[in-house]
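The values are calculated or read from the model by the stated rules, or taken from the named source; none is laboratory data. Because the structure is predicted, anything quoted here is derived from the model rather than measured. Methodologically, a virtual Cβ is constructed for each residue, glycine included, from the backbone with ideal geometry; neighbour enumeration extends over all protein chains shown.
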Amino acid sequence: MKSLGIDIGSRTIKVAVINNGNVTISRKSENSFNTLEVCKKLLEGLDYDAITSTGYGRHLFAEHYKCNTISEIKAFAVGAAHILPSCRTVLDIGGQDTKAIALDGKGNFTKFEMNDKCAAGTGRFLEIMAMTLRYTLEEFGNEALKSNTATNISSMCTVFAESEVVSMLAKGNDRQSVAKGIHQSVVNRTISLLNRVGINNDILFAGGVAYNKCIVNILEEQLNKKVFINDDPQIIGALGAAIYGTY
Amino acid sequence: MSDYHEMWASLGLDLKTHDAVLEIVGKGYQDVFLSQKNRPEGMKYFDFVMSEVHGLRIKEIMDAKAEGRKVIGTFCVFVPEELVLAVNGVCVGLCAGAELGFEEAEKYLPRNTCSLIKSAFGFKLAKVCPYIESSDLIVGENTCDGKKKAYESYKDIVGNLYVMDLPQMKSEAGKALLKAEYVKFAQKLEEISGKKITVESLKKGIEIVNNKRAAMSRLAKLRFADPTPISGLDALLANQVYFYDNPERFTASVNAICDELEKRIQDNIGVAPKGSPRILISGCPMAVPNWKIPFIIENSNAIIVGEEMCTGERGTRNLVKDQASSVEELINNIVDRYFEIDCAIFTPNQNRLEHIKQMVKEYKADGVLHYGLQFCQPYQMESKVVEKELEKAGIPVLLIETDYSQEDAGQIKTRVEAFIERIS
Ligand code: SF4
Ligand code: SF4
């Protein structure tokens, strides 16, 4: 059976098709103001027997495609258990939200936490901070990685952090060090979220922010644990939805 | 519907804003309540009450005032309605559940004040609440620090505020304080109404309120059934209207709904399929038109079976004993009943935890959603203990911290759905 999962996130839409437990196709695209149009393009030419949607746009999609939906939490739990059966903790840092999920090893999640309504600590926060420092998103992580020092950022609110960063630069603080400080603050925030569900091995880091080497570095250093990142950390939710469709 | 603009103008409402509010609430009511399937027939009464909540009910209240009866506005279930009725007064709840006039309110309150307090100020400052405007006496009570300090400035904007002190511990001294405050309140009521509280009038008041609470308990118990015969939204609505309506008419209407629900249970009719995930809500009160969380839950294929809230069982459980031969003894009985309310402003508050566990069992709830208003210290602090203790007992808990805005609805929906997946 060919099962398709679609994860409609605020920034990116991801699609995965599995056939007999193997991923045969995965695609992604930036979301736009016209979510359904982006979905339609992504699905073009794909062959599938079942479809399951997840992500914040799941209901909108399901209304049009008359399909099942599952929450992102469930999708990540299922997807993570498939990729890494020994996984007990999932961390997902996406565009608008951050999730920490505890798994029981039998494919169920036992607890989950999400960031509250502000964007602090999410991918969006990093994007805005990169812009404030005039870096591209890619440079941002790489440059931060080069710094041996991290300037301490005290505000976690995006708006305040932005002006704090601007005034730090004006005071002559090193740009790389400020960049590192921002990464540090995101990791601190992430760890407190993880602590609320309990941090147990193995840990899988999913979502677009997992591409950021500096975040991964600091996270592993602070946790004193290795975190696993698969080849395509953005696909876990879509994969989970696809697997769920075969149940 | 009649035109009440003249009455509203005479109460000093800001007609333009008020019209807008009525429109929003009416639209919200339509979307949230009238869209539900399989509603009990008896809910039509509540539809009517809600459509006339600023109309006919206010007119009744104005008529009562014209007869010399006093209107007492309250913010907390610790204010005994029995005493108000004993001087032939009318008791109305003033708690407000919408984000309105917050900017104005923030001239008096710090931004990190809970939405409930902010909207009490907002509704007054925006001149949109006929209940506030028709109250002869507004009772503030010293519960949380937020309310306690807020009343200091509220006094300046409402002009007829009476502050009642409340204990913080369930000790003998605490009980003595509650009694002293109720005696003082009784005197105040006698003074403004010019009526003496007698054994007879107080017994009558007790009877009316007992009947009202008994009807609510009856309704609550019918929700033990699976399939559940009434939605959590409709039950919450009854709990909210409890604070505004004519108590005797309200009691009769709730009992009529209960008769209908009993029939439904016999016939195995429910509002959601048998076996739907059952959720108990616990935490801060939800005042009209705060329906955000229940709406999300019940539109995610789960059903709310009970409310451990002041707009719910915490507010309505236990009756006042009416055997006594003097006013003082009756007041003692009232104190006994109210002293059991396990609000989070008390320390320690172990009983609330026991009540939640007991309710989970009785209502056969699959999980508990703890609803805490942002910046509400008492309930937020207690939520951590509730979560720890319940999870330890094998009861899944979801902590939701929110306010009156709608911005976080999408995120809450994700969390609620995931929680439902967890408990199904
Ligand atoms: S939660 Fe506490 S302060 Fe609020 S109405 Fe209930 S008893 Fe009163
Ligand atoms: S919700 Fe909490 S902070 Fe707000 S009035 Fe009630 S007890 Fe006080």
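Can you tell me which of (1) touching a strand residue (DSSP E or B) at 6+ places or on another chain (Cβ under 8 Å); (2) surrounded by fewer than 18 Cβ atoms within 10 Å (Cβ to Cβ); (3) more than 12 Å from chain A (Cβ to nearest Cβ); (4) without any contact (Cβ under 8 Å) to a residue 40 or more places away in the chain is the one B:LYS364 doesn't meet?
(4)
Of all residues being polar (S, T, N, Q) and more than 14 Å from every other protein chain (Cβ to nearest Cβ) in region B:297-320, which is nearest to ligand 2 (Cβ to nearest atom)? Just the residue, please.
Within region B:297-320, the match that is nearest to ligand 2 (Cβ to nearest atom) is B:THR311.
Which of the residues that make up region A:36-60 are in contact (Cβ under 8 Å) with a residue 24 or more places away in the chain and either surrounded by fewer than 18 Cβ atoms within 10 Å (Cβ to Cβ) or more than 14 Å from chain B (Cβ to nearest Cβ) (or both)?
A:LEU36, A:VAL38, A:CYS39, A:LEU42, A:LEU43, A:LEU46, A:ASP47, A:TYR48, A:ASP49, A:ALA50, A:ILE51, A:LEU60
Take B:GLU389 and decide whether it is charged (D, E, K, R) and either assigned to a loop (DSSP other than H, G, I, E, B) or farther than 17 Å from B:PRO294 by Cα (or both).
yes
Can you tell me how many residues within region B:103-126 are away from ligand 2 (no atom under 14 Å from the Cβ) and in contact (Cβ under 8 Å) with a residue 40 or more places away in the chain?
Result for region B:103-126: 2.
Could you run through region B:360-384 and say how many residues are away from ligand 1 (no atom under 16 Å from the Cβ) and outside any strand (DSSP E or B)?
8
Scan region B:377-398 and tell me whether some residue there is closer than 27 Å to B:ILE24 by Cα and either more than 8 Å from chain A (Cβ to nearest Cβ) or in contact with a helix residue (DSSP H, G or I) (Cβ under 9 Å, 6 or more places away or on another chain) (or both). Quick ask: steps written out before the conclusion?
Quick first cut of region B:377-398, residues closer than 27 Å to B:ILE24 by Cα only: none.
No, region B:377-398 contains no residue that is closer than 27 Å to B:ILE24 by Cα and either more than 8 Å from chain A (Cβ to nearest Cβ) or in contact with a helix residue (DSSP H, G or I) (Cβ under 9 Å, 6 or more places away or on another chain) (or both).
Looking at B:VAL288 and the list (1) within 14 Å of chain A (Cβ to nearest Cβ); (2) within 16 Å of ligand 2 (Cβ to nearest atom), which single condition is not satisfied?
(1)
I need the full set of residues from region B:388-407 which are touching a residue at least 60 places away in the same chain (Cβ under 8 Å) and loosely packed, with under 14 Cβ neighbours inside 10 Å, in order please.
Within region B:388-407, B:SER405, B:GLN406 qualify.
Can you say whether A:LEU223 is buried (at least 23 other Cβ atoms within 10 Å of the Cβ) and farther than 22 Å from A:ALA161 by Cα, as far as the supplied structure shows?
It is false that A:LEU223 is buried (at least 23 other Cβ atoms within 10 Å of the Cβ) and farther than 22 Å from A:ALA161 by Cα.
When you scan region A:181-209, how many residues do you find that are within 13 Å of A:THR122 (Cβ to Cβ), in a helix (DSSP H, G or I) and among the small types (Gly, Ala, Ser)?
2
For B:VAL158, indicate whether it is more than 30 Å from B:GLY122 (Cβ to Cβ) and of a type outside the set (Gly, Ala, Ser).
no
Being without any contact (Cβ under 8 Å) to a residue 40 or more places away in the chain and either within 16 Å of ligand 2 (Cβ to nearest atom) or not basic (Lys, Arg) (or both) is true for just one of B:GLN266, B:GLN240. Which residue is that?
B:GLN266 is the lone residue from the list that is without any contact (Cβ under 8 Å) to a residue 40 or more places away in the chain and either within 16 Å of ligand 2 (Cβ to nearest atom) or not basic (Lys, Arg) (or both).
Since B:PRO348 meets every condition but one in (1) at pLDDT below 95; (2) over 20 Å from the mean Cα position of the chain (by Cα); (3) surrounded by fewer than 22 Cβ atoms within 10 Å (Cβ to Cβ), which condition does it not meet?
(1)
So in region B:405-424, with the set limited to residues that are among the acidic types (Asp, Glu) and not in a helix (DSSP H, G or I), which one is farthest from the other protein chains (Cβ to nearest Cβ)?
B:GLU407
Looking at the structure I just gave you, is B:ASN333 closer than 30 Å to B:ALA186 by Cα and assigned to a helix (DSSP H, G or I)?
Working: closer than 30 Å to B:ALA186 by Cα: yes; assigned to a helix (DSSP H, G or I): yes.
Answer is yes for this residue.
Mind counting the residues in region A:83-123 that are within 17 Å of the chain's Cα centre (by Cα), surrounded by fewer than 19 Cβ atoms within 10 Å (Cβ to Cβ) and away from chain B (no Cβ under 14 Å)?
1
Quick grid of which residues meet (1) more than 24 Å from A:VAL90 (Cα to Cα); (2) buried (at least 20 other Cβ atoms within 10 Å of the Cβ); (3) in the same structural domain as A:ASN31 (by TED's automatic domain parsing):
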position	(1), (2), (3)
A:TYR135	yes, no, no
A:PHE140	yes, yes, no
A:ARG196	no, no, no
A:GLY207	no, yes, no
A:ASN212	no, yes, no
A:ILE236	no, yes, yes
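Hey, can you tell me all the residues within region B:329-347 that are away from ligand 2 (no atom under 16 Å from the Cβ) and in contact (Cβ under 8 Å) with a residue 12 or more places away in the chain?
B:LEU330, B:ILE331, B:ASN332, B:ASN333, B:ILE334, B:VAL335, B:ASP336, B:ARG337, B:TYR338, B:PHE339, B:GLU340
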